[in-house]
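Engineer: Encoded as structure tokens, here's the structure I'll be asking about.
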Amino acid sequence: MEIVGSSKIRKDAFDKVTGKARFVDDYKRGDELYAVTFRSPRPHIKIISIDTEEAKKIEGVAGVFTYKDIPGVNKVPLVFDDYPFLAEDVCKFYGQPIALVVAVSKEIARKALKKIKLKYKELPAVFDPLEAMKKDAPKIYGKDNVFRAYKIRKGDINRGFKEADVVIERTYRTNYQVHSYLETQGMLAEPSIDGSITVYGTMQCPFYVLDAVSNILGIPQSKIRVVQTTTGGAFGGKEDVPSIVAGHAALCSFLTNRPVKLIYTREEDFDSMSKRHPGWINIKIGAKRNGKITAIKVKYVLDGGAFATLSPIVLWRGTVHSTGPYDIENVWVDSFAVATNKVPCGAFRGFGQPQANFANESIIDELAHELKMNPLELRKKNFLDIGKKTATGHLIKESCGLKKVVDKITKISNFNKKWKDPQNKKGRIRRGIGIATSFYGVGLGAEGKFLEKAGAHVQIFKDGSVLVAVGNTEMGQGAFTVLTQIASEILGAPYEVVNIIEPDTTRIPDSGPTVASRTTVMSGNAIINACKILRRRIDGVVRDIFNVRGKVISKNGYYYAGGKRISYFDAVKECYNRRVKMAEQGFYRVEGTTFDRKTGIGDAYFTYTYSCMVAEVEVDIELGTVKILRFYSGHDIGKAVNPKLAEGQIEGGAVQGIGYALYENLVLEEGRIITNNFTGYIIPTIKDIPDDIRVVIVEEKYPNGPYGAKGLGEPPLIAAAPAIANAIFNATGKRIRSLPILPEKIVFQE
Ligand code: MOS
């Protein structure tokens, strides 16, 4: 291989660093209108009336729309259909959309917004998921406020605890995390000449947006075109919620017959868009003296917010991974996604795993402490490996590089020596080291398998340039670069002449969402399936020209066969002369994942990525501040298609994980977010992250992945917080069981 495995320059690098890239708010149509959103002023209300007459009278206002103006169905289509595009008789969270104002300028639209008169009655609200689960709690969803519950029952939990020499039980909590993408949510919708509608915007999942626009307008999907514009970060925050923004923009455009832009301010983005779920996790774990874990019992509660959105699926991923990358015979898990009167939570890098992983990897350290064992040795006694089974009973048969990753990371960090002998155990400034591990099911898994597919269209032009269309999106993660490399490798076309067009729902079949670290495997395989057909045709022409049989090899822009060579460009020209079909479709889908909802047993995902992180910290025990001195992050990803990009993903995940562990603190009062911008909500800057982030990549090939690749997008964040918490314990003897680890928690804990 010459292209796959080499660190090609990102396809989007030049446009992004020079400012040439156009984000949705950069598009100008000349005759566009601007929409703004009128939102619930309280966390739980019964709407008595919405009076829009005064607002409509303001000059320059083109329309004020409520649910009554929706020609289609007033439901955001997702796992459940509980979330209305615009509120009808109740609002369940502060900031829930009620009406839309469209005007010739943003300023006029905002002025008109203030003239909308809402009469309402306050309803009792509940903000804590454990409170919401109680019998007499205000009802937000169904009879019990539970959106979804899962369980895992493996082995005999009572026998497992009886066999244990040591049993401990602890409770952990995690707070929200905000995606902090630099580009806020935004859409531009415009009517097209044939009566259809086009929606441009920042998004991860064009096909979710397509479903949403079709729903709200009540028009066929073939009359809608959704195009992703350059997307300034997402991290899960542009998975489902762009459907709401797009639905609103499309509604306004449809009703005014004009292009309409809807761009969120930072504050309204904070107030109303999805977040990482706060989590509550209780774990009981038992082990033999020698460190073999005999039983684990987990209760996992996610604070879902006012509507279900993706909570059921986030909960499922969290549940399947909640006992960590360990082979444990007796497992009992109960998990719940619960409704509260707060902003709906959704997808965020790790998708239900970071919360559970913080608890699980913290209690492993606590167990090691009780057993007076080195936490690395305890982990090694229990790790998953080929021939071992996950919590859901999935027998690992291939591609498990966990031990390799752990060995490399602990070697380069000198973990054992530093852990045994933390420097500066006394005095104000103390140093320590901590470790955490994780595994990550690649793709949507058994509970999302009906979406697990992807399409690709590959076209080779007369001049040899290649255009690839895929249904998955680039959001900064490097997908288009990696996918280009795969196409280029198979076709034998130079990397520079292969390009990917922006995702467009009219060009490509539904490829599922761009989430769950699935794009390299899914779109990569779809591209391979298309390119293989094209390559076979080219090879046939090459053999024919040289009048030889046997294999055609591509290298450095040439095809070689029978001792002769022809350049890629000449070969393509010859294909055109012979009227060879030079465009092809590819499709890929995954079969075989299973999950039994009664027992929680099944082969939950098609493959897993394995990770290990080590943090070295310096703690000021008077101020409670934590400095990360060095951070080590290793991952078995099957194959690094582009090692530099993989390294970038891993470093980015470390930074986001450090923010989650130490700084990011969303504060709410009565369901309203107080820290709703970057002056109140602190994310790490370059000053807060270690100079030294060391990356390890292990390549245990996944046979069905493109060139053996698995997935990498999310794992680099997951184990960061527990590695840091464990390092703080190693340095100070203080065990912090809630995130973020704010200075006051360290100072005031005994
Ligand atoms: Mo992702 S958090 O599955 O967009």
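Engineer: Please verify whether Lys342 is under 21 Å from Lys388 (Cα atoms), basic (Lys, Arg) and in contact with an Asp or Glu (Cβ under 8 Å, 6 or more places away or on another chain), treating the condition exactly as stated.
Structural biologist: no
Engineer: Follow-up. Return yes when Val73 is assigned to a loop (DSSP other than H, G, I, E, B) and in contact with a helix residue (DSSP H, G or I) (Cβ under 7 Å, 6 or more places away or on another chain) and no when it is not.
Structural biologist: It is true that Val73 is assigned to a loop (DSSP other than H, G, I, E, B) and in contact with a helix residue (DSSP H, G or I) (Cβ under 7 Å, 6 or more places away or on another chain).
Engineer: Looking at the stretch 382-416, which of the residues that are out of contact with any strand residue (DSSP E or B) (no Cβ under 8 Å at 6 or more places or on another chain) and part of a helix (DSSP H, G or I) is surrounded by the most Cβ atoms within 10 Å (Cβ to Cβ)?
Structural biologist: Checked the stretch 382-416; the qualifying residue surrounded by the most Cβ atoms within 10 Å (Cβ to Cβ) is Asp407.
Engineer: Might you let me know whether the stretch 506-529 holds any residue that is part of a helix (DSSP H, G or I), more than 22 Å from Lys453 (Cα to Cα) and of a type outside the set (D, E, K, R)?
Structural biologist: no
Engineer: Go through (1) away from the ligand (no atom under 16 Å from the Cβ); (2) touching a helix residue (DSSP H, G or I) at 6+ places or on another chain (Cβ under 9 Å) for Thr514 and report which single condition fails.
Structural biologist: (1)
Engineer: Given the options Gly160, Gly237, Gly233, Gly201, name the one that is over 25 Å from Gln355 (Cβ atoms) and not hydroxyl-bearing (Ser, Thr, Tyr).
Structural biologist: That would be Gly201, the only listed residue that is over 25 Å from Gln355 (Cβ atoms) and not hydroxyl-bearing (Ser, Thr, Tyr).
Engineer: Looking at the stretch 226-246, I want the residues that are on the phi > 0 side of the Ramachandran plot and have a partner that is within 14 Å of the ligand (Cβ to nearest atom) and of a type in the set (D, E, K, R) with Cβ atoms under 6 Å, at least 6 apart or on another chain. Which pairs are those?
Structural biologist: Phe235/Arg349; Gly236/Arg349
Engineer: OK, next. Could you give every pair whose Cβ atoms fall below 6 Å, whose first residue belongs to the stretch 1-14 and is under 21 Å from Gly708 (Cα atoms) and outside the structural domain of Asn525 (by TED's automatic domain parsing), and whose second residue is of a type in the set (Lys, Arg) and modelled with pLDDT of 95 or more, counting only separations of at least 6 or pairs across chains?
Structural biologist: Ser7/Lys644
Engineer: Could you pull out every one of the helices (runs of 4 or more DSSP H) wholly within the stretch 683-750 that has 3 or more residues that are within 16 Å of the ligand (Cβ to nearest atom) and either in contact with a helix residue (DSSP H, G or I) (Cβ under 7 Å, 6 or more places away or on another chain) or not assigned by TED's automatic domain parsing to the domain that holds Asn642 (or both)?
Structural biologist: Result: 715-718.
Engineer: Do the conditions hold for Leu302, that is, is it touching a strand residue (DSSP E or B) at 6+ places or on another chain (Cβ under 7 Å) and not small (Gly, Ala, Ser)?
Structural biologist: Working: touching a strand residue (DSSP E or B) at 6+ places or on another chain (Cβ under 7 Å): yes; not small (Gly, Ala, Ser): yes.
Against the criterion (touching a strand residue (DSSP E or B) at 6+ places or on another chain (Cβ under 7 Å) and not small (Gly, Ala, Ser)), Leu302 qualifies.
Engineer: What do you reckon, is Val482 in a helix (DSSP H, G or I) and within 16 Å of the ligand (Cβ to nearest atom)?
Structural biologist: Taking the combined requirement at face value, the residue does not satisfy it.
Engineer: Let me ask something else. Could you pull out the residue among Ile296, Ile285, Ile364, Ile313 that is in the same structural domain as Ile683 (by TED's automatic domain parsing), within 14 Å of the ligand (Cβ to nearest atom) and crowded, with 24+ Cβ neighbours inside 10 Å?
Structural biologist: Ile313
Engineer: Search the stretch 182-199 for residues being touching a residue at least 60 places away in the same chain (Cβ under 8 Å), more than 19 Å from the chain's Cα centre (by Cα) and surrounded by fewer than 24 Cβ atoms within 10 Å (Cβ to Cβ), and hand back the single one that is nearest to the ligand (Cβ to nearest atom).
Structural biologist: Applying the filter and picking the extreme gives Glu190.
Engineer: Also, I was wondering about something else. Here is a check on your reading of the model: is His394 in the same structural domain as Thr294 (by TED's automatic domain parsing), within 16 Å of the ligand (Cβ to nearest atom) and under 24 Å from Ala164 (Cα atoms)? Steps first, please.
Structural biologist: Working: in the same structural domain as Thr294 (by TED's automatic domain parsing): yes; within 16 Å of the ligand (Cβ to nearest atom): no; under 24 Å from Ala164 (Cα atoms): yes.
Here the answer is no, as His394 does not meet what is asked.
Engineer: Being over 21 Å from Gln204 (Cβ atoms) and in a helix (DSSP H, G or I) is the filter here; which residues of the stretch 248-276 pass it?
Structural biologist: Leu251, Cys252, Ser253, Phe254, Leu255, Thr256, Glu267, listed by residue number.
Engineer: So in the stretch 649-703, with the set limited to residues that are crowded, with 18+ Cβ neighbours inside 10 Å and small (Gly, Ala, Ser), which one is farthest from the chain's Cα centre (by Cα)?
Structural biologist: Applying the filter and picking the extreme gives Gly671.
Engineer: Gly233 - would you say it is in contact with a Gly (Cβ under 6 Å, 6 or more places away or on another chain), within 16 Å of the ligand (Cβ to nearest atom) and more than 22 Å from Val102 (Cα to Cα)?
Structural biologist: Spelling it out, Gly233 is indeed in contact with a Gly (Cβ under 6 Å, 6 or more places away or on another chain), within 16 Å of the ligand (Cβ to nearest atom) and more than 22 Å from Val102 (Cα to Cα).
Engineer: Follow-up. Please determine, by comparing only the residues of the stretch 201-222 that are over 16 Å from Asn257 (Cα atoms) and surrounded by fewer than 24 Cβ atoms within 10 Å (Cβ to Cβ), which one is nearest to the ligand (Cβ to nearest atom).
Structural biologist: Among them, the one singled out is Phe207.
Engineer: In the stretch 704-738, how many are surrounded by fewer than 24 Cβ atoms within 10 Å (Cβ to Cβ), within 24 Å of Glu370 (Cβ to Cβ) and of a type outside the set (Phe, Trp, Tyr)?
Structural biologist: Residues meeting the conditions: 7.
Engineer: So, one more: Just to be sure I understand, how many residues within the stretch 320-357 are away from the ligand (no atom under 16 Å from the Cβ) and closer than 27 Å to Asn158 by Cβ?
Structural biologist: 15
Engineer: OK, next. Given the residues Ile116, Ile152, which is the only one that is within 17 Å of Asp89 (Cβ to Cβ) and touching a residue at least 12 places away in the same chain (Cβ under 8 Å)?
Structural biologist: Answer to the check: Ile116.
Engineer: Also, quick follow-up: Quick one: Val245 ticks every box in (1) within 14 Å of the ligand (Cβ to nearest atom); (2) assigned to a helix (DSSP H, G or I) bar one, so which box is it?
Structural biologist: Only one criterion is unmet by Val245, namely (1).
Engineer: Among (1) crowded, with 23+ Cβ neighbours inside 10 Å; (2) farther than 24 Å from Pro259 by Cα, where does Asp89 come up short?
Structural biologist: If we test Asp89 against (1) crowded, with 23+ Cβ neighbours inside 10 Å; (2) farther than 24 Å from Pro259 by Cα, just (1) comes out false.
Engineer: OK, next. For Ala103, are the conditions met, namely being in contact with a helix residue (DSSP H, G or I) (Cβ under 7 Å, 6 or more places away or on another chain) and over 23 Å from Asp211 (Cβ atoms)?
Structural biologist: Answer is yes for this residue.
Engineer: To continue, here is another question. Looking only at the stretch 284-303, decide whether some residue is within 28 Å of the chain's Cα centre (by Cα) and assigned to a helix (DSSP H, G or I).
Structural biologist: Within the stretch 284-303, the first condition is being within 28 Å of the chain's Cα centre (by Cα), and the residues that meet it are 296-303.
Narrowing the set further to residues that are assigned to a helix (DSSP H, G or I) leaves none.
No - not one qualifying residue is present in the stretch 284-303.
The values are calculated or read from the model by the stated rules, or taken from the named source; none is laboratory data. These numbers come from a predicted model, not from an experiment. Cβ atoms come from the backbone with ideal geometry, glycine included; neighbour counts cover every protein chain shown.
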